[in-house]
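See below for the structure under consideration.
Readers should treat all values here as calculations from the given coordinates under stated rules, not as data from a laboratory. Being a predicted model, the structure only gives us computed values, none of them experimental. No Cβ is skipped: glycine too gets one built from the backbone with ideal geometry, and neighbour counts run over all protein chains shown.
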Amino acid sequence: MFDVHEMEVNFGPQHPSTHGVLRVILKIDGERILDAKPIIGYLHRGTEKLFENMAYPQCVPHTDRMDYVASATNNLGFVETVEKLLGITSQIPKRAQLIRVMLSELQRISSHLLWLATHAIDLGAMTPFFYTFREREEILDMFEAYCGARLTLNCMRIGGMPDDLPAGWLEDLEAFTAKFDACIDEYAALLNSNRIWKRRTVGIGVISPEEAIDWGLTGPPLRGSGVEWDLRRAQPYECYPELEFDIPVGKNGDTFDRYLVRMEEMRQANRILRQCIPLVKATPAGDIKAKISKVVRPPEGEVYHSIESPKGELGYYIISDGKSQSAYRCRVRPPSFVNLQALPAMCKGHLVSDLVALIGTIDIVLGEVDR
Amino acid sequence: MAEENVTHRPAPAAAAKPAGRSADEIRHDPLVAATVERVGESVLDAKEFAGEITLIVDRDDLVKVAKAFKDDGFKYLVDLAGVDYSTYPGYKGDRFGVSYMLYSFGKNKRIRLRTYTDEATAIPSVSAVWKTANWQEREVYDMFGVEFSNHPNLERILMWEGFNGHPLRKDFPIRGIDTGARIYPEVFPEGGGPKAGSTGKDAKDVNVYQGPWTNRGFGIPARTGQKTQMEPAPELAGAVAETAKPSDEAPWHDPDLAIDQRLDMAKALDLKAKLFAAMAQTDCTACGWDCEGYAAALAAGETKDISLCVPGEQETESMLQKLMKDAGKM
């Protein structure tokens, strides 16, 4: 009685809502998605191969170019892994740790702001873009004041930080943190009870906690499904144990819950930043580097270390042969790559327009997916 | 307050020192003891570094061990990483290792399983144990050429189907290979790409274009014609032009000869001929001339840059430096 017209459609790689060069081959029946197959690799630059051929300190700028909207956390993951390999994790001065935490949390906010702006635009809400980019600009200005770069920061070094905070930086941060909570309220007012927004996100791409773990999801996609797991709490690094923050979790595991989780994460990041300011002021100025040898030649061994990046668990797995100044093997565990894998499972049965919401809610950066 | 922070820093480098436990002690670590008890005969060895436990697992029993660990709480497969051990100092054994990072939410601990294989033998896929292994195994297959048996969809993931070679193998050249294999099959025939055991330093190791260059709208100037400098075109490096043939006046103009053979032929001749013999002889025009033109330009002092010969790499550059120094031009 009914005719089934299956069709194969290419979605991307030049589609603006694929956030880069993601291509999805869709099998559709009308507007309904029967199957989806992500095709990736268009941005593959062989970063892991490059790491094997350069000295450890030279790798740091390359980490910027993976998740290029959250380069500070990429730097952090790499330098911490090398520090663990060298066994100098405990020697990093308190001030350097605090600067690292502040930059990472600012980066988390800026990454989430970019996510919110693009996610909302993909679903037809233009306005949040202007609001979020207003605040993101201030964060980028602070990055620029600290290290001179706005996007690819290269702002961390093995054993500490390259520079101390410039004069007036903490005051800028204080002013930003004081007003930022009110800014989040503004974004929330635009979307939280917006009927179109809710129709586009509630009940879309539901993923159960068990499935989320099986797919290896981390970060907001995992917490949106109700699993309270954050590496900053579970396996803390730097001075996170001294800082108070809550881990927001969702209930339904749908796109709307993941949105709420990220909104709350921005608030918590702001809370962490506020706690950092007096702590930094209490540390001696200029104490930002551990005394380590100029040549980084770790002992023979292998370590895996991961941090909570804005997208999820960002891990580095480094094997050192003990003789060379470069890694024998450096594997990056990219959160976007692993999270993207769940896309076909999430979008089956939904409409093609929901795919746009789902790509947005996973929050992928193709530079990190393809490396 | 400030002083306190500094003095309270723990003693350097003590924490991450390898504990130096024996394999047997690690097997009885409370973290893994219960599981190892059940699948003990499949766990071949155990290592520890910086507090991280690595269990070496028998390849054929991998799925059994993986399931046992999953049942004991390691529900989250964090990462799956391939390693090519072929150039690891002092390493003897199967070429590839695959490491599985596992995490237990209940114990809040990680462990690592590792298994080894050679080029020919497939590793059993754990994608039925953890769904997340699907793409991760595809990536290892893509980057190392390690096969996984019983994988639902083992195809390349980052490189395209038809790509020659596996980029993270140690014998894959760091500068890459010509990658037109899929798009220009007539130019890059199947089975091209890096040859096993090649260093990647020799242009002949990789699949290079042999036909006429028509896309740029020019031919390499005939040897009898005048030597005009063209735009430098580094993307042409490695191409061997049709003019790259030995002739009576330039018997060394043959890319198949080694550099010392070529220089031997030119040793009695003038500086320009010697410089010419030191070039890579491919007439690739990456430097902006053909090989003879570059030699002439160096001999005449039109350029002082000796680093322009891309296919000749280090050996040409150091030979040019030596010749120029001997001639008192540097």
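A few remarks follow.
- Relative contact order (%) - criterion: Cα under 8 Å, at least six apart; region: the range B:234-326: 28 percent
- By the rule of a C-alpha distance below 27 Å, with chain neighbours fewer than 8 residues away ignored, the lysines paired with B:LYS325 are B:LYS201, B:LYS227, B:LYS267, B:LYS272, B:LYS274, B:LYS304.
- From least to most packed, judged by other beta carbons within 10 angstrom and beginning with the fewest, A:CYS239, A:CYS147 follow the order A:CYS239, A:CYS147.
- Partner chain coverage, peptide A:299-307 - average Cβ within 10 angstrom: 6
- Furthest towards positive pole of dipole, A:ILE88, A:TRP229, A:LEU140, structure part the range A:47-370, Cβ charges: A:ILE88
- Normalised by the number of residues in chain A, the average gap of Cα pairs under 8 Å and 6 or more apart makes the relative contact order 27 percent.
- Rounded to the nearest 20, the size of the Cβ-charge dipole of the range A:58-143 about its Cα centre is 280 debye, with Lys and Arg at +1 and Asp and Glu at -1.
- In the range A:276-370, the trypsin sites (Lys or Arg not before Pro) that fall in loop regions by DSSP, at most 14 other Cβ within 10 Å: A:LYS291, A:LYS294, A:LYS323, A:LYS348
- Rounded to whole numbers, the Karplus 3J(HN,Hα) couplings from phi for the range A:44-49 are 6, 10, x, 4, 5, 5 Hz, using 6.51 cos²θ - 1.76 cosθ + 1.60 with θ = phi - 60°, and x at Gly and Pro.
- In order along the range A:199-208, phi translates into HN-Hα couplings of 5, 7, 10, 5, x, 9, x, 6, 9, 7 Hz, rounded to whole numbers, per the Karplus curve 6.51 cos²θ - 1.76 cosθ + 1.60 with θ = phi - 60° and x for Gly and Pro.
- Label-point separation, A:GLN14 to B:LYS92 (7 Å along Cα→Cβ), nm: 5.7 nm
- If R0 is taken as 25 Å, the Cβ-Cβ distance between B:ASP326 and B:SER247 corresponds to a FRET efficiency of 0.45.
- Lys/Arg +1, Asp/Glu -1 at C-beta; the range B:15-149 dipole; positive extreme among B:SER125, B:PHE105, B:LEU44: B:PHE105
- About the Cα centre, charge dipole magnitude for chain A (Lys/Arg +1, Asp/Glu -1 at Cβ), debye: 620 debye
- For the range B:286-330: rounded, prolate or oblate by the Cα gyration tensor [a/c cutoff 1.5]: oblate
- The mean number of partner chain beta-carbon atoms within 10 angstrom of a residue's beta-carbon across peptide A:319-332 is 4.
- Measuring between their Cα centroids, the range B:105-132 and the range A:213-231 lie 21 Å from each other.
- Residues whose placed amide H lies under 5 Å from that of A:GLU313, excluding near-sequence neighbours: A:THR218, A:GLY219
- Rounded if a/c under 1.5, otherwise prolate or oblate - the range A:47-370, Cα gyration tensor axes: oblate
- Per-peptide average of other Cβ atoms within 10 Å, ordering A:267-277, A:151-161 highest first: A:151-161, A:267-277
- Per-residue 3J(HN,Hα) values for the range B:133-142, derived from phi via the Karplus relation 6.51 cos²θ - 1.76 cosθ + 1.60 with θ = phi - 60°, read 5, 3, 5, 5, 5, 4, 5, 4, 4, 5 Hz in sequence order (x marks Gly and Pro).
- Three-way shape label, the range B:234-326, alpha-carbon gyration tensor, a/c 1.5: rounded
- For the range B:16-119, the list of trypsin sites (Lys or Arg not before Pro) that fall in a loop by DSSP and count at most 12 other C-beta atoms within 10 angstrom reads B:LYS92.
- Built amide H within the under 5 Å cut-off of B:ILE56, gap 5+: B:LEU44, B:ASP45, B:ALA46, B:LYS47, B:ARG114
- For the range A:1-153, the relative contact order works out to 15 percent when only alpha carbon pairs closer than 8 Å and six or more residues apart are counted.
- For the cross-link pairs A:LYS311/B:LYS70; A:LYS198/A:LYS251; A:LYS84/A:LYS291; A:LYS348/B:LYS109, the ones whose C-alpha atoms lie over 27 Å apart are A:LYS348/B:LYS109.
- For a straight C-alpha distance cut-off of 24 angstrom, the lysines reachable from A:LYS179 (same-chain residues fewer than eight places away being disregarded) are A:LYS281.
- Summary of the geometry: the range B:28-49 and the range B:76-97, compared by the centres of their Cα atoms, lie 20 Å apart.
- Cβ charges +1 (Lys, Arg) and -1 (Asp, Glu), total dipole of the protein assembly as shown, debye: 920 debye
- Residue by residue along B:71-81, Cβ atoms of other protein chains within 10 Å of the local Cβ number 5 on average.
- Applying a 4.7 Å Cβ-Cβ cutoff to the protein assembly as shown leaves A:CYS59, A:CYS183, A:CYS239, A:CYS276, A:CYS330, A:CYS347, B:CYS284, B:CYS287, B:CYS291, B:CYS309 as cysteine residues with no disulfide-compatible partner.
- Two-site FRET efficiency, B:THR121 against A:ARG274, from Cβ-Cβ distance with R₀ of 35 Å, rounded to 0.05: 0.05
- Whole-Å distance, taken between Cα centres, linking the range B:283-313 and the range A:90-106: 51 Å
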